[in-house]
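Okay, structure first, notes after.
Laboratory data are not the source of any read-out in this text; all were calculated from the coordinates shown. Just so it is clear, the model here is predicted, and its values are computed rather than measured. As a convention, Cβ positions derive from the backbone with ideal geometry for all residues, glycine included, and neighbour counts pool all protein chains shown.
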Amino acid sequence: GENVEQHPSTLSVQEGDSAVIKCTYSDSASNYFPWYKQELGKRPQLIIDIRSNVGEKKDQRIAVTLNKTAKHFSLHITETQPEDSAVYFCAAASYKLSFGAGTTVTVRA
Amino acid sequence: EAGVAQSPRYKIIEKRQSVAFWCNPISGHATLYWYQQILGQGPKLLIQFQNNGVVDDSQLPKDRFSAERLKGVDSTLKIQPAKLEDSAVYLCASSSEGGGPYEQYFGPGTRLTVT
C-alpha cells in the first residue's frame with residue numbers, strides 16, 4: 001500500500017516568515033495530493049490539493065508543488081500569521097487517502 | 001452548505017463494552033468514509049461507502065468493528081467489544097466525486113476513550 005512520509009514533525013517560525021513542509025510517497029500510481037490543517041480538538045480542514053497533471057498550485061499565501069518523478073510534494077506558507085499555528089497533514093491517493101504523520105507548526109509572534 | 005455532522009462528540013466506555021457512532025454527510029455527497037485518528041497520528045481509513053455499498057473495508061478490524069449505510073445517506077460505525085487500543089478520534093468524511101478519494105470534508109469527530 002501507499003506509504004507517506006512527512007517532514008519535519010515540528011516547525012517553529014517567526015511571524016511573517018515562510019514555512020515549508022515536505023512529503024514523499026511510495027506508490028507511483030498516486031494522482032491526488034491534498035493538504036489538511038487541523039487545529040487542536042477540531043476537524044481536519046482541506047486547505048489545498050493538487051492532482052498529478054499539475055506541477056504547482058497557489059491559493060493566496062499557500063502553495064503546493066509536486067514532483068512526480070521524485071515522488072515528493074511540498075506545502076509552502078508565506079507571510080505566516082499566528083492563526084497558521086496548527087497541525088498540517090499531507091496525504092496521497094490513487095484510490096484511497098494515506099496520510100502523513102503530521103507537522104506541528106507554531107508561529108511565534 | 002451544512003457540514004458533516006457526527007454524534008456523539010465524546011464517549012467514555014469500559015473495555016469489552018460496545019459503542020456506536022453516527023454520521024450524516026454533506027447533502028448530496030455519495031461517498032462516505034470512516035477514519036480512525038490515534039493521538040499524534042494522521043487519520044487512517046477504516047471503511048469507504050459509495051452510496052450504500054462498501055468500496056473498501058480492507059483496514060476495518062471486522063472481528064469487532066462494523067459499519068453500515070443502509071439508505072445511502074447516514075452511517076453508523078459500531079465497535080463490539082471495545083479494546084483499550086480503540087481509544088482514538090473517529091472521523092467521518094464525505095465527498096461528492098463518485099468513486100475517487102477527492103475533496104473529502106471531515107466532520108468534527110467522536111473522541112472515544114476506552115478504560
Cα-based reach from B:Lys83 at 14 Å (exclusive), listing aspartates and glutamates while leaving out same-chain residues under 8 positions away: B:Glu14, B:Asp63
GNM on chain A, C-alpha springs below 10 Å: top fluctuator among A:Lys68, A:Lys57, A:Lys42? A:Lys42
From the phi angles alone, apply the Karplus equation (6.51, -1.76, 1.60; θ = phi - 60°) to segment B:86-96 and give each ³J(HN,Hα) in whole Hz, x where the residue is Gly or Pro. 7, 4, 4, 9, 9, 9, 10, 9, 9, 8, 9
Shape call, segment A:1-85: gyration tensor on alpha carbons, a/c limit 1.5: prolate
If you take the Cα atoms of chain B, find Rg, then find the Kirkwood Rh from the mean of 1/r over all pairs, what is Rg/Rh? 0.95
Starting from the 7 Å offset along Cα-to-Cβ, what nm value, one decimal, do you get for the label separation of B:Glu68 and B:Thr115? 3.1 nm
Residues whose placed amide H lies under 5 Å from that of A:Ala86, excluding near-sequence neighbours: A:Val105
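Counting Lys and Arg as +1 and Asp and Glu as -1, each charge on the Cβ, what is the dipole of the protein assembly as shown about the Cα centre in debye, to the nearest 20?
In debye, rounded to 20, the protein assembly as shown gives about 520.
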Would you please state which residues of segment A:22-38 a label at A:Thr69 would reach in this model, taking the label point 7 Å out along Cα→Cβ and a backbone N cut-off of under 14 Å? none
In angstroms, what radius of gyration and Dmax does the protein assembly as shown have, counting Cα atoms only? 17.5, 50
About its Cα centre, what dipole magnitude does chain B give when the only charges are +1 on Lys and Arg Cβ and -1 on Asp and Glu Cβ, stated in debye to the nearest 20? 480 debye
Around A:Tyr32, which amide H atoms from residues at least 5 apart in sequence, or from another chain, sit under 5 Å from its own amide H, with H modelled in the peptide plane? A:Ala93
Scoring only Lys, Arg, Asp and Glu (+1, +1, -1, -1) among other residues with Cβ under 10 Å from the Cβ of B:Tyr90 yields +1
